[in-house]
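Step one of this worksheet: look at the structure below.
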Amino acid sequence: MTMLTVKNRHNTRLRAGHLWVFSNELESIPTDLPAGSLVEVRSAGGHSYGTALFNPNSLIAARLLVSDAQELDVKFFAQRLGEALALRQRVFPHETSYRLVFGESDFLPGLVIDRYADGSTGSDYFVLQTLSVGMDIRKDAIAEALRTVFPQTKAIIEKNNSALRKHDGLDQREGVLWGAVPTEIQMTENGVLSALSLMEGQKTGYFLDQKLNRLKIKELSKGLRVLDCFTNQGGFALHAVAGGAVSALGLDSSLSAIERCRLNAERNDMVGKATFECEEVLDYLHAAAERFTASGEKPWDMIILDPPAFAKSRAQVSQAKRGYAKINRMALRILPRGGFLVTGSCSHHVSEETLLGVIQEEAQRERRRLRLVFRGGQSPCHPVLASMPETAYLKFFIFEVV
């Protein structure tokens, strides 16, 4: 096995448990070794950090596996998948749909797998993303390992449309790796039924990282009128009504997403209480802020702001701050005293401190006083590896307007 040596005094992150080795940290980069090959990484002093997935064409030249494995075969992946499953069963003993593998946090760098259990058939479906060459060329072994660990597997889908693949020289593609995919499956989360189209859904089909935050909304919503912005599959709105909300209106710019939300409202017997409209959220909030500020009407007791990532790079943080400021400002204008502002960010590059600062500035601007009653984050099926801040990204807050 080819050995890569980290330059002297360039291994501080690795000693702390980080799993990425950047190309400029290596003494030399082999030019005759194919991307995706296994290599051993050592310090200049000879300490071994174990095997890694190598890519000479990426800034991240080596992704450590926390292993001395000489081969990544079905047995290796089945063992890692079994370990990942044990954690999910521990943190979610009554849930069967969750992120099974969260890349580096599960010591499978560049691999993401979501599990969806169809409650109507008991079958398992998996959606995966391979974000590194090393994982991409081993998709067949990963798929076989999934079928080994989960005998009820009916289909495995790849949704490799992430822009992150470009950093590893990979193209974007989607398709069925194995099995047959039905038009939709019926997933249950926190007692709420969602019919999902795994082929048509965004990213890996459903935003499982908000699982516990949706549960908190369910607990807080009794008797409230709720506005769920950027509703996507309707998760927050449906959870609100399940928790006793008087009404919940979900907004999204995607007509196909709204149509599925309406079907999910029917399946949960929530028609009339959970309603959904196809709207550009920013335009809708702006118009509502102007209309209700002028009239003094306060139509919602809780406004949920769960936007897509406003910053996908450090260069976009300033622009993102303006976006977060705008939507929170408009929500604060139309919330009553005692109402709840639910707001967050899935942008890794926007820190919690930065987001809290933006929200507080807008509260001061609008002469509103906020009391933080809940601080959430990504679901434990998206565990954060403490030595890798890159694995933490979701910020989620619930404020009471006092």
Pairs, first β-branched (Val, Ile, Thr) in the range 9-25, second in a helix (DSSP H, G or I) and buried (at least 16 other Cβ atoms within 10 Å of the Cβ), C-beta under 8 Å, six or more apart: Val21/Leu14
Residue check for Ile334: more than 22 Å from the chain's Cα centre (by Cα) and assigned by TED's automatic domain parsing to the domain that holds Gly223: yes
Near pairs, Cβ below 7 angstrom, 6+ apart or cross-chain, from the range 224-253 (under 27 Å from Met199 (Cβ atoms) and modelled with pLDDT of 95 or more) to any residue that is part of a helix (DSSP H, G or I) and of a type in the set (Ser, Thr, Tyr): Leu251/Tyr284
Test result for Ala309, on the phi < 0 side of the Ramachandran plot, touching a helix residue (DSSP H, G or I) at 6+ places or on another chain (Cβ under 6 Å) and surrounded by 14 or more Cβ atoms within 10 Å (Cβ to Cβ): no
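Take Gln70 and decide whether it is of a type outside the set (A, V, I, L, M, F, W, C), within 28 Å of Pro30 (Cα to Cα) and surrounded by 22 or more Cβ atoms within 10 Å (Cβ to Cβ). Give the steps one after another, and end with the answer.
Values: of a type outside the set (A, V, I, L, M, F, W, C): yes; within 28 Å of Pro30 (Cα to Cα): yes; surrounded by 22 or more Cβ atoms within 10 Å (Cβ to Cβ): no.
The answer is no for Gln70.
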Every residue from the range 85-103 that is surrounded by fewer than 24 Cβ atoms within 10 Å (Cβ to Cβ), assigned to a helix (DSSP H, G or I) and of a type outside the set (S, T, N, Q): Leu85, Ala86, Leu87, Arg88, Arg90, Val91
Members of the range 307-325 that are farther than 20 Å from Phe236 by Cβ and either in a helix (DSSP H, G or I) or of a type in the set (Lys, Arg) (or both): Lys312, Arg314, Ala315, Gln316, Val317, Ser318, Gln319, Ala320, Lys321, Arg322, Ala325
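For (1) within 18 Å of the chain's Cα centre (by Cα); (2) surrounded by 17 or more Cβ atoms within 10 Å (Cβ to Cβ); (3) within 23 Å of Phe102 (Cα to Cα), each residue gets a yes or a no:
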residue	(1), (2), (3)
Asn213	yes, yes, yes
Ser221	no, yes, no
Phe230	yes, yes, no
His239	no, yes, no
Ala245	no, yes, no
Ser256	no, no, no
Cys278	no, no, no
Tyr284	no, yes, no
Ala288	no, yes, no
Hey, Lys154 surrounded by 17 or more Cβ atoms within 10 Å (Cβ to Cβ) and assigned to a strand (DSSP E or B) or not: yes
Any hit, the range 28-35, residues being touching a residue at least 40 places away in the same chain (Cβ under 8 Å) and on the phi < 0 side of the Ramachandran plot: yes
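Restricting to the range 158-178, name every residue that is among the small types (Gly, Ala, Ser) and part of a loop (DSSP other than H, G, I, E, B).
From the range 158-178, those among the small types (Gly, Ala, Ser) are 162-163, 169, 175; that's our starting set.
Of everything in the range 158-178, those that are among the small types (Gly, Ala, Ser) and part of a loop (DSSP other than H, G, I, E, B) turn out to be Ser162, Gly169.
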Test: residue in the range 98-111 that is hydroxyl-bearing (Ser, Thr, Tyr), in contact with a Pro (Cβ under 6 Å, 6 or more places away or on another chain), at pLDDT 95 or above and on the phi < 0 side of the Ramachandran plot: yes
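The values are calculated or read from the model by the stated rules, or taken from the named source; none is laboratory data. Everything quoted here is computed from the prediction, not taken from an experiment. We place every Cβ from the backbone using ideal geometry, glycine too, and count neighbours over all the protein chains shown.
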